[in-house]
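Presented below is the structure to which this report refers.
The values are calculated or read from the model by the stated rules, or taken from the named source; none is laboratory data. The shown structure was predicted, so the numbers you read here are calculated from the model rather than taken from an experiment. We place every Cβ from the backbone using ideal geometry, glycine too, and count neighbours over all the protein chains shown.
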Amino acid sequence: MLDIRFIRENAQIVDEALRKRGYGITVDELLSLETERRGLIQKVEALRNRRNIVSDEISRLRRSGEDASALIAEMKEVSERIKGLDEELKGVDGRIRDLLLNIPNIPHSSVPVGEGEEDNVEVRRWGEPRSFDFEPLNHWDIGETLGIVDFERASRIAGARFSLMKGAGARLERALMNFMLELNTSKGYVEVFPPILVNRESMIGTGQLPKFHMELFRTMEPELYLIPTAEVPVTNIHREEILNEKDLPIYYTAYTPCFRREAGSYGKDTRGLIRQHQFNKVELVKFVKPETSYEELEGLTADAEEILRRLGLPYRVVVLCTGDLGFSAAKTYDIEVWLPGQGRYREISSCSNFEDYQARRAGIRFRREGKKGTEFVHTLNGSGLAIGRTLVAILENYQQRDGSVLVPEALRPYMGMDVIR
RNA sequence: GGAGGGGUGGCCGAGUGGUUGAAGGCGGCGGUCUUGAAAACCGCUUCUCGAGCAAUCGGGACGGGGGUUCGAAUCCCUCCCCCUCCGCCA
């Protein structure tokens, strides 16, 4: 969330940011509540101060055996007033928090202004899409013909948007997971394997709740949420902590399954592995000092890109425009991989700098060496990479006329085979 | 799931309803001493909110929330977490 003091002093900047994102709200109501809040605080604190002074006085009188009943009577009334004001303040605080939790991050100045996907800006390309001397197939045709993915039985087991990987298909999921984790850890990311069910506070910390509850699977008794991305548990590793400056930056990488309701995407990518309720992903997460976070975003994106390069998969990088930017992000690069079966680039990684937005929600701070007080860290994360979509890209880019699929060089040690047939 | 025992500052650990933001210790920082270091000694060591240009002043925080009271770390209720034993279980 944003700093209420920042909003107070920069209302027009925040309103402008909301407008660029296509939000039809302003901070007017928030500001008047904030004024009300401060007025209440001043009133209630003056009364508390009075009560503290008089309580000491009462204590002294009682010790010396004098009568304090008049003061006690007065304080009884003061306490009642404090109680009333406290309740009022609590109500105002609650309303301010509700509003604050629903205001998105402010886009970085380098983010292009635009309304949607079509306004995202390509920043670079790598690799040449392969030219086929036959008609390239969709990954679901390739996968079903090879018998390595079974959609029909998956839907019997769980329903639409689930998949059952078999044989070399299951092996490929595992190979990709190991390949990615090993590459990431070799660069200094610490491997973690976190809970994939998390509590409400964690979902609020990274920004999925309260606004996007429709996207999440939830359990009852106890109320827990299935993670839509490892970003949630991994960023929350340091929730409510004060880190030491010398501990930063902290890099984590995590493999987890991810679960998404995909509410509102009916009819989109109904066939194949592109859009599933459950998918595997390896994630990269960073906790850094504010002054380095944009440099770190470039590094994070480069780390994700390297995975595609090593797999020989052509891709492009786009910077998301203000209208397409995620709720908590200040800047995001999407990496899109070339899919011959679709004849276009599709998102395979999303690398974002959240600046202090998540850190403020989650209470993740650090203390500078020799300085008083604390600051919020900057958090970043990106897929490195979405495993299901990487598998799709391999099937489509490495398919051969006879229906077999070559295994990319880098993956062969993990697959134990050169070709899937 | 059943029965008990606990949650206090970076850590360990005191704490009688009334100068206890909290003894003492450890750790950390600064200083004295020393050729240097150690030891010893001295001092300093939480976060947060509000007012103010500032110096500074005031409020709050002893797992979370509520209650009793003029006043709560201390009493009561409730939730969460940890530990031990029993049961169950991958």
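Restricting attention to segment A:293-349, the residues that are within 18 Å of the chain's Cα centre (by Cα) and in a strand (DSSP E or B) add up to 9. Looking only at residues that are among the small types (Gly, Ala, Ser) and not in a loop (DSSP other than H, G, I, E, B) in segment A:1-45, which one is farthest from RNA strand B (Cβ to nearest atom)? For segment A:1-45, the residue satisfying everything is A:17. Within segment A:234-260, the set of residues being of a type in the set (Lys, Arg) and either assigned to a strand (DSSP E or B) or more than 16 Å from the chain's Cα centre (by Cα) (or both) comprises just one member, A:246. Say whether the condition of being of a type in the set (S, T, N, Q) and either touching a helix residue (DSSP H, G or I) at 6+ places or on another chain (Cβ under 8 Å) or closer than 20 Å to residue A:108 by Cβ (or both) is met by at least one residue in segment A:372-380. Checked segment A:372-380: at least one residue is of a type in the set (S, T, N, Q) and either touching a helix residue (DSSP H, G or I) at 6+ places or on another chain (Cβ under 8 Å) or closer than 20 Å to residue A:108 by Cβ (or both). Restricted to segment A:192-208, and to residues there that are in contact with an Asp or Glu (Cβ under 9 Å, 6 or more places away or on another chain) and not in a helix (DSSP H, G or I), the residue that is surrounded by the most Cβ atoms within 10 Å (Cβ to Cβ) is A:208. The residues of segment A:85-111 that are more than 16 Å from RNA strand B (Cβ to nearest atom) and either crowded, with 17+ Cβ neighbours inside 10 Å or within 30 Å of residue A:400 (Cα to Cα) (or both), listed by number, are A:103, A:104, A:105, A:106, A:107, A:108, A:111. Exactly one of (1) surrounded by 13 or more Cβ atoms within 10 Å (Cβ to Cβ); (2) over 25 Å from residue A:379 (Cα atoms); (3) among the hydroxyl-bearing types (Ser, Thr, Tyr); (4) at pLDDT 90 or above is unmet by residue A:55. Its number? All conditions are met except number (4).
Residue A:321 fulfils the conditions (1) hydrophobic (A, V, I, L, M, F, W, C); (2) out of contact with any Gly (no Cβ under 7 Å at 6 or more places or on another chain); (3) under 16 Å from residue A:121 (Cβ atoms) except for a single criterion, (2). Please enumerate the residues belonging to segment A:178-201 that are touching a residue at least 60 places away in the same chain (Cβ under 8 Å) and among the small types (Gly, Ala, Ser). Scanning segment A:178-201 gives a single hit, A:188.
Annotation note: Cβ proximity below 8 Å between a residue of segment A:73-86 that is of a type in the set (Ser, Thr, Tyr) and a residue that is near RNA strand B (Cβ under 8 Å from one of its atoms) and in a helix (DSSP H, G or I) (sequence gap 6+ or interchain) occurs for A:79/A:51. Restricting segment A:385-408 to residues that are in a helix (DSSP H, G or I) and either among the charged types (D, E, K, R) or free of Cβ contacts under 8 Å to residues at least 40 places away in the same chain (or both) leaves a set whose member that is farthest from residue A:301 (Cα to Cα) is A:396.
For every residue, the table says whether it meets (1) more than 22 Å from residue A:281 (Cβ to Cβ); (2) crowded, with 22+ Cβ neighbours inside 10 Å; (3) out of contact with any Pro (no Cβ under 6 Å at 6 or more places or on another chain); (4) not small (Gly, Ala, Ser).
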{"residue": "A:313", "(1), (2), (3), (4)": "no, yes, yes, yes"}
{"residue": "A:316", "(1), (2), (3), (4)": "no, no, yes, yes"}
{"residue": "A:321", "(1), (2), (3), (4)": "yes, yes, no, yes"}
{"residue": "A:327", "(1), (2), (3), (4)": "no, no, no, yes"}
{"residue": "A:332", "(1), (2), (3), (4)": "no, yes, yes, yes"}
{"residue": "A:340", "(1), (2), (3), (4)": "yes, yes, no, yes"}
{"residue": "A:358", "(1), (2), (3), (4)": "no, yes, yes, yes"}
{"residue": "A:363", "(1), (2), (3), (4)": "yes, no, yes, no"}
{"residue": "A:366", "(1), (2), (3), (4)": "yes, yes, yes, yes"}
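Being more than 16 Å from RNA strand B (Cβ to nearest atom), under 30 Å from residue A:393 (Cα atoms), in the same structural domain as residue A:342 (by TED's automatic domain parsing) and surrounded by 13 or more Cβ atoms within 10 Å (Cβ to Cβ) is a description that applies to residue A:125. Step by step: first the residues of segment A:373-409, then only those that are in contact with a strand residue (DSSP E or B) (Cβ under 8 Å, 6 or more places away or on another chain) and among the small types (Gly, Ala, Ser), then the one that is farthest from RNA strand B (Cβ to nearest atom). Which residue is that? The extreme case among them is A:404. Residue check: residue A:114 meets all listed conditions (1) within 34 Å of the chain's Cα centre (by Cα); (2) in a helix (DSSP H, G or I) but one, namely (2). Of all residues assigned to segment A:60-72, none qualifies as being under 30 Å from residue A:2 (Cα atoms) and either within 10 Å of RNA strand B (Cβ to nearest atom) or surrounded by fewer than 13 Cβ atoms within 10 Å (Cβ to Cβ) (or both).
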